[in-house]
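Enquirer: Just dropping this structure here.
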Amino acid sequence: MMNLNKKQILNKLKRPAKSDLPELINFRELENDLLDIFKIEAERIQCDIYKCNNINELTSTLEQAGVNLEESIISESAHRLIKNDNNTVYSTKLSHSELAAYKYGITVPDYAIAYTGSLIEINTIKGDRRLSVLPEIHIAIVFKNKLVATLTDCLMKMTLDSNYTIISGPSRTADIEKRIVIGAHGPKQLKIILVGEEKY
Amino acid sequence: MKIHLFTPCIVQEFYPETAEATRKILEYLGHEVYVPKNQTCCGQPAYNSGYTQETIEIASYWLDRFSDADCIVGPSGSCISMVKNHYGNLDLPDSAKTIHQTLSGKYFELVEFLVQHEKITSLPSTFKGKVSYHQSCHLANEMGIIDEPRDLLKSIPGIEYIEMKDADRCCGFGGTFSVKFSELSATMTRFKAERIIESGAEFLTGGDISCLMNIDGMLKKMGASVKVLHIADILAEGL
Amino acid sequence: MSDALKNRIHEAVTNPQLQKNYYKATSSAVEKNEIRSKTPELFEQFRTQAQHIRKHTLDHLETYLEQAENKFISHGIKVHWAVDAKSANSQALKILQKRGIKSLVKAKSMLTEELEVNDFLIANGIEINETDLGEFIIQVAGEKPSHITAPAIHKSAGEIARLFEEHFNLPYTEDEHILTEFARNYLREKFLTAEVGISGANFILADSGTIVLVENEGNIRLSTILPKVHIVFVGIEKMLPNKESLGTMLELLSYSATGQKFPGYVSLISNAEPERELHVIFVDNGRTALYKDSEMQELLHCIRCGACLNSCPVYQHVGGHTYGWTYPGPIGALLTATMRREPGDEQLPFMSSLCGACTAACPVKIPLHHLLLKSRHRTQSKRIKSLSWNLGMKGFSFISTHPKWYRMLMLKARLLQKLIPGKFLWIPLWSKYKKFPKLAKKAFRK
């Protein structure tokens, strides 16, 4: 039954003249410091930006950002960075409801895109895609060396074998009279901690 | 240069003064203006309603009238666009096709002619008043003429130019559309008329006589005092 | 024109609230498209590139579909094929029934509206929870979407407030923040407990077998991450060759749809995680027929951004429901006339002044208003139109090619006009709304 459908459809898709894929041009070239551009763009889309020099300052910067670690569910990568002995819950063991009860979800994006102020999370099998979407506030720890200029630059480095999520700002909607509301179904706030350290 | 004056049917029958104004402008620029006899219509109403055969008949007739022209100028964006851009899509008989090919590059809407061919940036028109501009669809989208008419108007000392809101929005004429979908067309026209009145302009002008007739009809129905003039009428004043 | 269409137009244009709602909705999106207004040459370059990407993809569609299927299967994603709505819907139902599932959460998908998936599943005892705020609103209201990307755009905040008050006893408020918060809380429970999530797909990348989903609200992420089963409905034309082509397409889609530089969330799904199921249903439903149509096949390049709707003065006045099917605006008029083709559908391409704003706005350069005209020619060549129009046009052609008759007619008209008092003529269908000028006393002949 299924194969019959498939055959029927594909048989009708014969085309004699076929065009080639043109060489694709990336029209965007950024000149200034990527970090500066990222900060401007991220703030433009209602992200809150905090800076610290290295991971030693991470915990205090989180405090500065108003993050209560007791109310946070933290990704595996973030666990290794934040010196907090109390929090050893592994998110993957939590049910949806349990995870949703946490106020803050802390992750470490794999890339950050300067041109659009976006974050890219690569979700491996061990990863938990819920962390950056279920809790009310998403905290993202972005390392300087993870900054890329544009999405296209980033896509060149990615193989798309696993699941990727590109996040640009907190959730929003304009479905009511085109009036913008920040905070729809996803996180209501996105706080980005920019870590100036080169190595991670 | 000898210019063949293309007088769209609406201009011939309802607004002959616009044809006179066009002639005046061209003669002022030192050209000889020749009006081909027995002009009727370019065939747009038939074409937009999907009547290709009738369009071919009318187009063949039109091309015959202008077969020996060196340069053709007409005060209507949609009519010139019909000839320039759409006659080529028709399955014309060979004789007509040949004429159309020889005339390629010789068709001009009036503002297009002034700005692109003559490189005019202003004319010593004595027109006075608050003027707003309606950007007709054919002129802007098919011929790429957007800033030039506004610049010409702004260059006339007696004119206070006002840019109205939604100047680039269609007036709702669309040829037979205005009859087939009369209520919808009228809604679109009323929207334009309201923007014109809001702008505070005393005069509304544009490069397409059919749009102007349409908008004028609505303004008059609404009892508005705004006067509608073709841009040729304004540019020719006092020449 | 059918009475039904005429009535729908009349209902829309005589409703001041509706006129206000649509004007607000469409003008803001057009204004915000900065890449088009601030850097028009760049916009043009982007568009040309996107046009070529889509053309190339459609030319090699068979290859790309098979490539995607193979990739999907190797990553544990199940692939289904459906020639029509019946087939697509019943295959989806089978997936649900096999697991004894009775309710699901749904992300917005115009294809599922086209296939009438909701009605079918509900008739088979499945509870559907639309999660996109706009879709949620119209589900509560029992209406169909009126726009491709903003389904409830025809409703004012007051109308939504009244709706929520009636259905949920939420104290009347037009504050969009409170209304959104309510929907968030109401739907949270559904997200957390749903066993199945249904979505569409904005694109499918062939070389990596990736489902691309674009949104702002986060409801797509929640609908596709939380439930154990995710079912994707996607039209066969939604392919892209590779990830390299994604940058251009996403940026254009974003600017054209909402004026945003980039969408809030982009999900790139290439894998079914362990203990979860991911199904992709490739749907035809008339697309292969369009594929063969050499004049209209460009309609398949559409990326469903809604830019043509936002720029269309006709859409702005008549609204989405007037078009009578899933897709409104210029693209809707064409898809309805060429893909659905029910009696009366061929009239929709005539409901346009052919102003060309849509063609200028389309990010993939579909020559929309040229296709509207082509559609009219087709309708006409089948002589579906009325006898009076046929005769009228024949007469018009005769007069326009016989100058003596033309002049005689105009002379007679002028004589007749002398008998009519006043400054204006009365012309049927015109003079109800506008004044028609009298013929000038003397025509311009030389």
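The values are calculated or read from the model by the stated rules, or taken from the named source; none is laboratory data. All figures in this text were calculated on a predicted structure; none of them were measured in a lab. Cβ atoms come from the backbone with ideal geometry, glycine included; neighbour counts cover every protein chain shown. Just the protein is used for accessible areas: all its heavy atoms, side chains included, with ligands, DNA and RNA removed. Shrake-Rupley method; radii C 1.70, N 1.55, O 1.52, S 1.80 Å.
Enquirer: Go through (1) surrounded by 22 or more Cβ atoms within 10 Å (Cβ to Cβ); (2) more than 9 Å from every other protein chain (Cβ to nearest Cβ); (3) at pLDDT 95 or above for A:Leu134 and report which single condition fails.
Expert: With (1) surrounded by 22 or more Cβ atoms within 10 Å (Cβ to Cβ); (2) more than 9 Å from every other protein chain (Cβ to nearest Cβ); (3) at pLDDT 95 or above applied to A:Leu134, the lone miss is (2).
Enquirer: Related question: Would you point out the residue of the range A:147-200, among those that are assigned to a strand (DSSP E or B) and of a type in the set (D, E, K, R), that is nearest to the other protein chains (Cβ to nearest Cβ)?
Expert: Taking the candidates together, the pick is A:Arg172.
Enquirer: Here's a follow-up. Which of (1) under 24 Å from B:Ala21 (Cα atoms); (2) in contact with a Cys (Cβ under 9 Å, 6 or more places away or on another chain) does B:Tyr87 not meet, given it meets every other one?
Expert: B:Tyr87 satisfies every listed condition except (1).
Enquirer: In the range B:82-107, how many residues are in a helix (DSSP H, G or I) and hydrophobic (A, V, I, L, M, F, W, C)?
Expert: The qualifying residues number 4.
Enquirer: Sort out which residues of the range C:276-296 are away from chain A (no Cβ under 12 Å) and under 17 Å from the mean Cα position of the chain (by Cα), and write them in order of number.
Expert: C:Met296
Enquirer: Give me the residue from the range B:190-227 that is of a type in the set (Gly, Ala, Ser), over 14 Å from the mean Cα position of the chain (by Cα) and buried (at least 23 other Cβ atoms within 10 Å of the Cβ) and, out of that set, farthest from the other protein chains (Cβ to nearest Cβ).
Expert: Checking each candidate, the answer is B:Ala193.
Enquirer: OK, next. Output the residue which, of all residues in the range C:202-214 that are open to solvent by 10 Å² or more (accessible area, probe 1.4 Å) and either more than 9 Å from every other protein chain (Cβ to nearest Cβ) or among the aromatic types (Phe, Trp, Tyr) (or both), is farthest from C:Met110 (Cα to Cα).
Expert: Top of the filtered list is C:Val214.
Enquirer: Please give the number of the condition A:Thr61 fails out of (1) part of a loop (DSSP other than H, G, I, E, B); (2) away from chain C (no Cβ under 12 Å).
Expert: (1)
Enquirer: Which residue out of C:Ala183, C:Ala150 is within 10 Å of chain A (Cβ to nearest Cβ), surrounded by 16 or more Cβ atoms within 10 Å (Cβ to Cβ) and outside any loop (DSSP other than H, G, I, E, B)?
Expert: C:Ala183
Enquirer: Take the range C:418-446 and flag every residue that is facing another protein chain (nearest Cβ under 7 Å), open to solvent by 50 Å² or more (accessible area, probe 1.4 Å) and closer than 30 Å to B:Thr187 by Cβ.
Expert: Correct list: C:Leu429, C:Lys432, C:Lys435.
Enquirer: Any residue in the range C:350-375 that's at the interface with chain B (Cβ under 8 Å from one of its Cβ atoms) and over 19 Å from B:Ser81 (Cβ atoms): show its pairings with residues that are open to solvent by 10 Å² or more (accessible area, probe 1.4 Å) and basic (Lys, Arg) at Cβ separation under 7 Å, as long as the two are six or more apart or on different chains.
Expert: C:Phe350/B:Lys180
Enquirer: Take C:Ile178 and decide whether it is surrounded by fewer than 18 Cβ atoms within 10 Å (Cβ to Cβ) and not in a strand (DSSP E or B).
Expert: Considered against the rule, which asks whether it is surrounded by fewer than 18 Cβ atoms within 10 Å (Cβ to Cβ) and not in a strand (DSSP E or B), C:Ile178 comes out as yes.
Enquirer: Can you tell which of C:Thr258, C:Thr288 is surrounded by fewer than 21 Cβ atoms within 10 Å (Cβ to Cβ), of a type in the set (Ser, Thr, Tyr) and touching a helix residue (DSSP H, G or I) at 6+ places or on another chain (Cβ under 8 Å)?
Expert: Working: C:Thr258 fails: surrounded by fewer than 21 Cβ atoms within 10 Å (Cβ to Cβ).
Testing whether each residue is surrounded by fewer than 21 Cβ atoms within 10 Å (Cβ to Cβ), of a type in the set (Ser, Thr, Tyr) and touching a helix residue (DSSP H, G or I) at 6+ places or on another chain (Cβ under 8 Å) leaves just C:Thr288.
Enquirer: Another question about this same structure. Just a yes or no: is a residue in the range B:87-99 of a type in the set (S, T, N, Q), open to solvent by 10 Å² or more (accessible area, probe 1.4 Å), within 13 Å of chain C (Cβ to nearest Cβ) and without any contact (Cβ under 8 Å) to a residue 12 or more places away in the chain? Break it down stepwise before answering.
Expert: Applying the first criterion (of a type in the set (S, T, N, Q)) to the range B:87-99 yields B:89, B:95, B:98.
From what's left, open to solvent by 10 Å² or more (accessible area, probe 1.4 Å): B:89, B:95, B:98.
Still in the list and also within 13 Å of chain C (Cβ to nearest Cβ): B:89.
Next, from what is left, pick out any that are without any contact (Cβ under 8 Å) to a residue 12 or more places away in the chain: B:89.
Yes, the range B:87-99 contains a residue that is of a type in the set (S, T, N, Q), open to solvent by 10 Å² or more (accessible area, probe 1.4 Å), within 13 Å of chain C (Cβ to nearest Cβ) and without any contact (Cβ under 8 Å) to a residue 12 or more places away in the chain.
Enquirer: Taking the criterion of being assigned to a helix (DSSP H, G or I) and surrounded by fewer than 21 Cβ atoms within 10 Å (Cβ to Cβ), would at least one residue in the range B:156-174 satisfy it? It would help to see each step written out before you state the result.
Expert: At the first step, the residues of the range B:156-174 found to be assigned to a helix (DSSP H, G or I) are none.
Scanning the range B:156-174 turns up no residue that is assigned to a helix (DSSP H, G or I) and surrounded by fewer than 21 Cβ atoms within 10 Å (Cβ to Cβ).
Enquirer: Within the range B:164-175, is even one residue over 30 Å from C:Ser386 (Cβ atoms), away from chain C (no Cβ under 14 Å) and touching a helix residue (DSSP H, G or I) at 6+ places or on another chain (Cβ under 6 Å)?
Expert: Yes - at least one qualifying residue is present in the range B:164-175.
Enquirer: Within the range C:297-317, take every residue that is within 16 Å of C:Ile236 (Cβ to Cβ) and more than 13 Å from chain A (Cβ to nearest Cβ) and give me the one that is most open to solvent (accessible area, probe 1.4 Å).
Expert: Of everything passing the filter in the range C:297-317, C:Arg304 is most open to solvent (accessible area, probe 1.4 Å).
Enquirer: Scan the range C:14-35 for residues that are in a helix (DSSP H, G or I), within 13 Å of chain B (Cβ to nearest Cβ) and open to solvent by 20 Å² or more (accessible area, probe 1.4 Å) and jot them down.
Expert: Our first condition is that a residue be in a helix (DSSP H, G or I); within the range C:14-35, this holds for C:16-32, C:34-35.
Within this subset, residues satisfying the condition of being within 13 Å of chain B (Cβ to nearest Cβ) are C:16, C:18-20, C:22-23, C:26-27, C:30-31.
Passing the criteria: C:Pro16, C:Leu18, C:Gln19, C:Lys20, C:Tyr23, C:Ser27, C:Val30, C:Glu31.
Enquirer: Going through the range A:51-68 one residue at a time, which ones are open to solvent by less than 60 Å² (accessible area, probe 1.4 Å) and farther than 13 Å from A:His138 by Cα?
Expert: Of everything in the range A:51-68, those that are open to solvent by less than 60 Å² (accessible area, probe 1.4 Å) and farther than 13 Å from A:His138 by Cα turn out to be A:Cys52, A:Asn54, A:Ile55, A:Leu58, A:Thr59, A:Thr61.
Enquirer: On to the next question. Scanning for something modelled with pLDDT of 95 or more, within 22 Å of the chain's Cα centre (by Cα) and more than 10 Å from chain A (Cβ to nearest Cβ), does the range C:56-73 turn up at least one residue?
Expert: No, because not a single residue in the range C:56-73 is modelled with pLDDT of 95 or more, within 22 Å of the chain's Cα centre (by Cα) and more than 10 Å from chain A (Cβ to nearest Cβ).
Enquirer: Kindly establish whether A:Gly169 is open to solvent by less than 10 Å² (accessible area, probe 1.4 Å), in contact with a Cys (Cβ under 9 Å, 6 or more places away or on another chain) and small (Gly, Ala, Ser). Lay out the reasoning, then the answer.
Expert: Working: open to solvent by less than 10 Å² (accessible area, probe 1.4 Å): yes; in contact with a Cys (Cβ under 9 Å, 6 or more places away or on another chain): yes; small (Gly, Ala, Ser): yes.
Taking the combined requirement at face value, the residue satisfies it.
Enquirer: Scan the range C:388-417 and report the pairs whose first residue is within 8 Å of chain B (Cβ to nearest Cβ) and whose second residue is acidic (Asp, Glu) and assigned to a helix (DSSP H, G or I), with Cβ atoms within less than 7 Å and a gap of 6+ or a chain change.
Expert: Filtered contacts from the range C:388-417: C:Met393/B:Glu54; C:Lys394/B:Glu54; C:Phe396/B:Glu54; C:Ser397/B:Glu54; C:Ser397/B:Glu57; C:Thr401/B:Glu57; C:Met410/B:Glu13.
Enquirer: Exactly one of (1) farther than 25 Å from C:Pro263 by Cβ; (2) part of a helix (DSSP H, G or I); (3) open to solvent by 50 Å² or more (accessible area, probe 1.4 Å) is unmet by A:Asp20. Its number?
Expert: So the condition that A:Asp20 fails would be (2).
Enquirer: If I ask for residues that are without any contact (Cβ under 8 Å) to a residue 24 or more places away in the chain and not in a helix (DSSP H, G or I), which ones from the range C:67-100 would you list?
Expert: Scanning the range C:67-100 gives a single hit, C:Gly100.
Enquirer: In addition: Does B:Asn38 satisfy the condition of being more than 21 Å from B:Ser81 (Cβ to Cβ) and among the polar types (S, T, N, Q)?
Expert: yes
Enquirer: Can you name the number of the only condition in (1) under 27 Å from A:Thr152 (Cβ atoms); (2) in a loop (DSSP other than H, G, I, E, B); (3) out of contact with any helix residue (DSSP H, G or I) (no Cβ under 6 Å at 6 or more places or on another chain) that A:Asp36 fails?
Expert: (2)
Enquirer: If you check A:Lys188 against the conditions, is it closer than 16 Å to C:Asn216 by Cα and open to solvent by 10 Å² or more (accessible area, probe 1.4 Å)?
Expert: Criteria met by A:Lys188.
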